[in-house]
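Novice: My questions all concern the structure below.
The values are calculated or read from the model by the stated rules, or taken from the named source; none is laboratory data. What you see is a predicted model, and the numbers here were worked out from it, not measured in a lab. Ideal geometry is used to build each Cβ from the backbone, glycine not excepted, and the neighbour counts take in all protein chains shown. Quick note on the areas: whole protein, heavy atoms, side chains included, nothing else; ligands and nucleic acids left out. Shrake-Rupley method; radii C 1.70, N 1.55, O 1.52, S 1.80 Å.
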Amino acid sequence: MNIIELVPYVEDMEEMLEYYRLKDGQELFVLHPKEAIDICKYEKERRPFVLQARGEIVGFLVLHSGGGVRSFSEYEHAVLVRAFSIDAREQGKGYAKKAISQLPSLVATHFPMANEIVLAVNQKNEPARSLYESVNFKYTGRCIEGRSGLQDVMHFPLTK
């Protein structure tokens with residue numbers, strides 16, 4: 001069984017990201033972790049996290065809070081998942097589902113005021129949508145324009 005852990009990104013991990021690869025065509029839908037981290041350096045409401053297995057980085061995501069989330073949710077304390085990816089060499093091992101399943105506890109730890117997790121999935125990306133639905137994310141009925149077309153906004157309410 002693959003044990004995974006979502007942990008905050010620290011600069012010491014930068015060298016490990018040199019070898020991180022997106023699957024061909026995936027760059028249309030998601031930023032490479034290094035690009036996402038560059039944005040996080042300037043937008044302090046964005047916090048990068050890595051998914052580790054066997055002491056190696058196998059995935060990445062950004063949690064975004066505050067004003068930048070307004071177009072995705074009506075809740076003041078919603079947290080948006082951005083730039084979620086699994087390294088191309090590590091896909092198909094169940095890491096994505098394990099990471100998404102850990103989001104409620106990760107968000108509760110790092111964003112204690114959060115009342116909802118939101119994300120946007122490209123309408124053409126049926127495998128990702130199925131993944132999110134399998135861990136109880138629900139379509140909100142809202143669509144937004146994304147990097148490569150329309151995206152459906154999905155959410156996971158957090159109970160207090």
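Novice: I want the antiparallel fraction of DSSP beta bridges within the chain, as a percent rounded to 5.
Specialist: Counting only bridges with both partners in the chain, antiparallel ones make up about 90 percent.
Novice: Return one whole number: the accessible area per residue of region 37-89 in Å², for a 1.4 Å probe.
Specialist: 45 Å²
Novice: Please report Rg (one decimal) and Dmax (integer) in Å for the Cα set of region 1-118.
Specialist: Answer for region 1-118, Rg first and Dmax second: 13.8, 39 Å.
Novice: Using a 1.4 Å probe, how large is the accessible area of L158, given in Å² and rounded to the nearest 10?
Specialist: Rounded to the nearest 10, that gives 30 Å².
Novice: Using a probe of 1.4 angstrom, how much of the accessible area of region 36-147 is carbon and sulfur, in percent?
Specialist: Taking all protein chains in place, region 36-147 shows 50 percent carbon and sulfur surface.
Novice: How far is the Cα center of region 142-160 from the Cα center of region 64-119, in Å?
Specialist: About 11 Å separates the Cα centre of region 142-160 from the one of region 64-119.
Novice: Using label points projected 7 Å from each Cα along Cα→Cβ, tell me how many nm separate K138 and K97, to one decimal.
Specialist: 2.2 nm
Novice: Right, something else. Counting only other residues whose beta carbon sits under 12 Å from that of I57, what net charge do I get with K and R as +1, D and E as -1?
Specialist: Spelling it out: positives minus negatives among the neighbours equals -4.
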